[in-house]
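Written below as structure tokens is the structure these notes are about.
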Amino acid sequence: MAKKKDKKSKFIYEKKNGWEKISKKDASALESFNKKYIDFLSTCKTERETTDFAVAEARKKGFKEGKGDKFYIINRGKSVCFVVKGKKPIEEGVRIIGSHIDSPRIDLKQNPLYEDTELALFKTHYYGGIKKYQWVTIPLAIHGVVLKENGEKVNVVFGEDEAEPVLTITDILPHLAYKIQMTKKMYEAIPGENLNILVGSKPIEDKDEKNKIKANVLSILNKKYGIIEEDFLSAELEIVPSGRARELGIDGSMVLGYGHDDRVCAYTSLQALFDAKKPVYTTIIYFADKEEIGSDGNTGAKSKFIEDVILKAIENAGKEPTYQMLRTVINNSQGLSSDVNAAVDPTYKSVNEMNNACKLNYGIALTKYTGSGGKYSANDCHAEFFGKIRAMFNKRGVIWQTGELGKVDEGGGGTIAKYMAEIGVETLDCGTPVLSMHAPHEVVSKLDVYETYKGYLAFIEEE
Ligand code: MN
Ligand code: MN
């Protein structure tokens, strides 16, 4: 007897796994796209490295600093905007895709190096929202800069080359952890002041030296980078997981790597700008710094940098960059706050409401609001703009879904959306779903990475 076919109402909004509807062409294109993305993520681990990489790529594509139809403006080496002139006059507004290129990490303190029990260690201060227990006993690397007294800037990358040692944060063995860790609350088990980086154990060959292990580390650093201990005071040295991003899963369908949040949106938006046919509106790809610590500072999204860039775009379009013109352009502008969202983790489903949470492989996630509690601190995107993007993505065959940041009252968080919206830009949160967000190694799906790119490309090319 034949089974009666399930009848589906055509009025029902049906969600489908992206792999069941992706074209053969896209399924193959996403593999080569992700290969390049993995290379990018493996080498760009800080806001400075991401800025440098992106500027070098843009210059290869003919972008010039501050002038012309394709230009970029760098903000203190940590934040950058890429601008391409559109077909429409600038007073009709610009299109902005804004991501952030800082990620949770562990910074060295200003006086980091000390010796204790004949071991040398670095004191640290973590940056952004981390679960401290995840950062111990894994291979770590240093990325950053040291400013010497003579003004010379020394770039440091230590612990990435296979031939070079790595660093680590030690943890206590389970045999002795009962009282000081196991019976404590998780967030108290490893205090911030315990995130000390082990950097040496061998004494210098000098009988008169008091701190022989520390002195040896300093002597090695001096040989390698020409720096002395006082130079740490004017340094920004960031401790990040060592090693390359990798394909993940027996089926290789995902990517494991440090800093998908939010370099996945930075990478995909910049590639979309490079690949777009002439944009309809003047388009700005904005990489912000300091999102993970509240978007403050003159390189964060609360700064006036984006307005400076829009003024430059007005000037380069041959118009008078007056305050009135700036306000006209901004008020006609639309933007995507391109940041990741939390994908449902099957092991921790209880924090999600399944009708509204985003899932791996369901495509780029459109998030109407973030925030916490009663939508506090949220840019709650207007229905009109959400509707426009929904129709645009459907027209272009972008695989997309909606997302929210956990169940109501479960927790919360934000993006740079509200700072873009605050100045007058119509804004929607729109980015890649991520598992293990803010962990040393985060997870995304290759399909979602590619659909994020496709979504941004549609936003640049469509009216
Ligand atoms: Mn983010
Ligand atoms: Mn984040």
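A compact table of results
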{"quantity": "Flag if THR432 is touching a strand residue (DSSP E or B) at 6+ places or on another chain (Cβ under 9 Å), within 12 Å of ligand 1 (Cβ to nearest atom) and among the hydroxyl-bearing types (Ser, Thr, Tyr)", "calculated": "yes"}
{"quantity": "Those strands (runs of 3 or more DSSP E) lying entirely in segment 301-412 with at least 2 residues of a type in the set (A, V, I, L, M, F, W, C), assigned by TED's automatic domain parsing to the domain that holds GLY86 and in contact with a Phe, Trp or Tyr (Cβ under 7 Å, 6 or more places away or on another chain)", "calculated": "364-367"}
{"quantity": "Cβ pairs under 9 Å, 6+ apart, first in segment 271-290 and closer than 15 Å to LEU457 by Cβ, second hydrophobic (A, V, I, L, M, F, W, C) and modelled with pLDDT under 95", "calculated": "none"}
{"quantity": "The lone exception for ASN355 - which of (1) surrounded by fewer than 17 Cβ atoms within 10 Å (Cβ to Cβ); (2) among the polar types (S, T, N, Q); (3) within 16 Å of ligand 1 (Cβ to nearest atom) it fails", "calculated": "(3)"}
{"quantity": "Odd one out for CYS430 among (1) closer than 25 Å to TYR37 by Cα; (2) more than 20 Å from the chain's Cα centre (by Cα)", "calculated": "(2)"}
{"quantity": "Single match in GLY128, GLY200, GLY192 (criterion: buried (at least 16 other Cβ atoms within 10 Å of the Cβ), touching a residue at least 60 places away in the same chain (Cβ under 8 Å) and either under 15 Å from ARG105 (Cβ atoms) or under 22 Å from the mean Cα position of the chain (by Cα) (or both))", "calculated": "GLY128"}
{"quantity": "VAL309 being within 16 Å of ligand 2 (Cβ to nearest atom) and either among the aliphatic types (A, V, I, L, M) or surrounded by fewer than 17 Cβ atoms within 10 Å (Cβ to Cβ) (or both)", "calculated": "no"}
{"quantity": "Those residues of segment 78-87 which are outside any strand (DSSP E or B) and buried (at least 17 other Cβ atoms within 10 Å of the Cβ), in sequence order", "calculated": "LYS78, LYS85, GLY86"}
{"quantity": "Some residue of segment 190-201 being touching a His at 6+ places or on another chain (Cβ under 8 Å), more than 16 Å from ligand 2 (Cβ to nearest atom) and modelled with pLDDT of 95 or more", "calculated": "yes"}
{"quantity": "Residue check for VAL280: surrounded by 17 or more Cβ atoms within 10 Å (Cβ to Cβ), touching a Phe, Trp or Tyr at 6+ places or on another chain (Cβ under 9 Å) and at pLDDT 95 or above", "calculated": "no"}
{"quantity": "Single residue of segment 96-119 satisfying the filter (buried (at least 23 other Cβ atoms within 10 Å of the Cβ) and in a strand (DSSP E or B)) that is farthest from ligand 2 (Cβ to nearest atom)", "calculated": "ILE96"}
{"quantity": "Any pair with Cβ under 6 angstrom, 6 or more apart, that starts in segment 436-451 at a residue that is modelled with pLDDT of 95 or more and ends at one that is of a type in the set (D, E, K, R)", "calculated": "SER436/GLU442; MET437/ASP261"}
{"quantity": "Qualifying residues in segment 207-238 (those that are assigned to a strand (DSSP E or B) and out of contact with any Phe, Trp or Tyr (no Cβ under 8 Å at 6 or more places or on another chain)) - the one most open to solvent (accessible area, probe 1.4 Å)", "calculated": "GLU236"}
{"quantity": "Residue among LYS148, LYS185 that is among the basic types (Lys, Arg) and surrounded by 13 or more Cβ atoms within 10 Å (Cβ to Cβ)", "calculated": "LYS148"}
{"quantity": "Selection within segment 323-344 - within 16 Å of ligand 2 (Cβ to nearest atom) and open to solvent by less than 20 Å² (accessible area, probe 1.4 Å)", "calculated": "SER337, SER338, ASP339, VAL340, ASN341, ALA343"}
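Yes/no per residue for (1) in the same structural domain as PRO165 (by TED's automatic domain parsing); (2) under 16 Å from the mean Cα position of the chain (by Cα); (3) within 16 Å of ligand 1 (Cβ to nearest atom):
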| site | (1), (2), (3) |
| --- | --- |
| ILE213 | yes, no, no |
| LEU218 | yes, no, no |
| ILE228 | yes, no, no |
| ASP231 | yes, no, no |
| GLU236 | yes, no, no |
| GLY252 | no, no, no |
| VAL264 | no, yes, yes |
| THR282 | no, no, no |
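The values are calculated or read from the model by the stated rules, or taken from the named source; none is laboratory data. Here the structure is a predicted model, which means the values were calculated and not measured. Positions of Cβ are backbone-derived with ideal geometry, glycine not excepted, and every protein chain shown enters the neighbour counts. Surface areas here come from the heavy atoms of the whole protein model, side chains and all, with no ligands, DNA or RNA. Shrake-Rupley method; radii C 1.70, N 1.55, O 1.52, S 1.80 Å.
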